[in-house]
1. Counting just the residues of region 113-148 that are out of contact with any Ser or Thr (no Cβ under 7 Å at 6 or more places or on another chain), among the small types (Gly, Ala, Ser) and part of a helix (DSSP H, G or I), which one comes out surrounded by the most Cβ atoms within 10 Å (Cβ to Cβ)?
2. Among the residues of region 206-230, which ones are closer than 29 Å to Tyr240 by Cα and among the β-branched types (Val, Ile, Thr)?
3. Please go through (1) surrounded by fewer than 16 Cβ atoms within 10 Å (Cβ to Cβ); (2) closer than 23 Å to Ala129 by Cα; (3) out of contact with any Asp or Glu (no Cβ under 8 Å at 6 or more places or on another chain) for Leu287 and return the number of the only condition it doesn't satisfy.
4. Name every residue in region 190-241 that is within 30 Å of Ala288 (Cα to Cα) and in contact with a Cys (Cβ under 9 Å, 6 or more places away or on another chain), in order of residue number.
5. Of all residues in region 358-370 being without any contact (Cβ under 8 Å) to a residue 60 or more places away in the chain and not in a loop (DSSP other than H, G, I, E, B), which is surrounded by the most Cβ atoms within 10 Å (Cβ to Cβ)?
6. Being crowded, with 22+ Cβ neighbours inside 10 Å and either of a type outside the set (D, E, K, R) or farther than 18 Å from Ala56 by Cβ (or both): is that true of Leu220 here?
7. Among the residues of region 328-340, is there at least one that is under 15 Å from Ala57 (Cα atoms), buried (at least 22 other Cβ atoms within 10 Å of the Cβ) and of a type in the set (A, V, I, L, M)?
8. Please identify the pairs in which a residue from region 159-186 that is within 17 Å of Leu200 (Cα to Cα) has its Cβ atom under 8 Å from the Cβ atom of a residue that is among the aromatic types (Phe, Trp, Tyr) and buried (at least 16 other Cβ atoms within 10 Å of the Cβ), counting only partners at least 6 apart or on another chain.
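The values are calculated or read from the model by the stated rules, or taken from the named source; none is laboratory data. Just so it is clear, the structure is predicted and the values come from calculations on it, not from any experiment. Note that we place each Cβ from the backbone using ideal geometry, even for glycine, and neighbour counts take in every protein chain shown.
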Amino acid sequence: MDEFSDADDDRGAGRSIAVVGAGAVGLTAAHDLAARGAAVTVYERGDVAGESTGRAAGILYDAYAEDVDARIAGRAIERFRALSGTGGFEFRETPYVWFVTEPGRKADAIREQVDGMVRNDRRVERVDADDLAAEYPALRTEDVVEAAVSRNAGVADTAAYADAVAELAVAEGVELREGTAASVALDPPRVNGDAYDAVLVAAGAHTARVLADAGVSVPLKPYRVQALTADFSGEIPTLYDATEGYYARPHPEGVLAGDGTEEVEADPEAYDRDGDDWFVDAMRERLADRVPGFEPDVHRAWAGLCTATPDRDPLLGELADGLYVAAGWQGHGFMRAPATGEAIATEILGGEGVPAFDPTRFDGDEVFEVVEGMTVE
């Protein structure tokens, strides 16, 4: 696919491009654009990885049943592996297991997902409760009725990825302006009054508001999610309990676990960044139940924002002449960032992009409900 071609050409030579947002996607795009010869300026109202990227779970896998999603996730894993060892970034090999504890629609969905993933050459297989118990004796598995494992998976420090890519981008000539809010305008595309050949808005939960100030409407809704870290000395895979709707993964502090999704639109300027007491109590109970003998000593709990779209697919591409968007990840933004950042950079320089994620498939005024992105259907 053209959007995943290597950044070894100079199609960006002589072009000036602004990127709004120094999260994982924006920085990846900025790096790839500069590597192809473009003059790139990144505007970040806060610090690198200061918002959604820095608060993300850092779970990485390519286990998708849809062909477009599978190719994007597979390419992302390739780039994560290639970057591992750069700066403080490390890709840590960790299988991803998802399961249900009740028969019915979700159990059927796992079987159907695995079939689709295998067709897309993903390293995925169905496993039963005994398989899980044998491989991960720390887990209680006797209630598992359907499960699968993805072997091409890992975990990573999300801020470390952003820092490593930012350093590489600056080395390629990117001008990184932290602490600089961006005001976008059109005809020609401009940021803070400076004209550019193209402007990419990859501002996470702030994307809709940045674009609205430029007179462009997009169907994006931020929603609040929560996570915590706790002491743990045992060995577990990354796991997702699709019945209870929570995840857990190995972490340098022990274990990182999350849920707490609020399926209502949140205000990115005024949301509560601390984890709720009810969330912490619920995660303690879930972890203690899934890992017998584990009494979680919680270190910290926090909240971040994800962004939803009407069809749960991202907005990735050109919105208006010279104006591009990369947002709407439904909680899967970081794990696909190396590939989506690469894809939008290639589109800006005249490549095909990802037609399935073309943002002009919407009018921008769609009415829709926020739906959690990490679900089994």
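1. Filtering region 113-148 for residues that are out of contact with any Ser or Thr (no Cβ under 7 Å at 6 or more places or on another chain), among the small types (Gly, Ala, Ser) and part of a helix (DSSP H, G or I), the one surrounded by the most Cβ atoms within 10 Å (Cβ to Cβ) comes out as Gly116.
2. Thr207, Val225, Thr229 - these are the residues of region 206-230 that are closer than 29 Å to Tyr240 by Cα and among the β-branched types (Val, Ile, Thr).
3. (1)
4. Answer for region 190-241, where residues must be within 30 Å of Ala288 (Cα to Cα) and in contact with a Cys (Cβ under 9 Å, 6 or more places away or on another chain): Tyr223, Arg224, Val225.
5. Within region 358-370, the match that is surrounded by the most Cβ atoms within 10 Å (Cβ to Cβ) is Arg361.
6. Considered against the rule, which asks whether it is crowded, with 22+ Cβ neighbours inside 10 Å and either of a type outside the set (D, E, K, R) or farther than 18 Å from Ala56 by Cβ (or both), Leu220 comes out as yes.
7. yes
8. Going by the 8 Å Cβ cut-off, the qualifying pairs are Arg177/Tyr43; Thr180/Tyr43; Ala181/Tyr43; Ala182/Tyr43.
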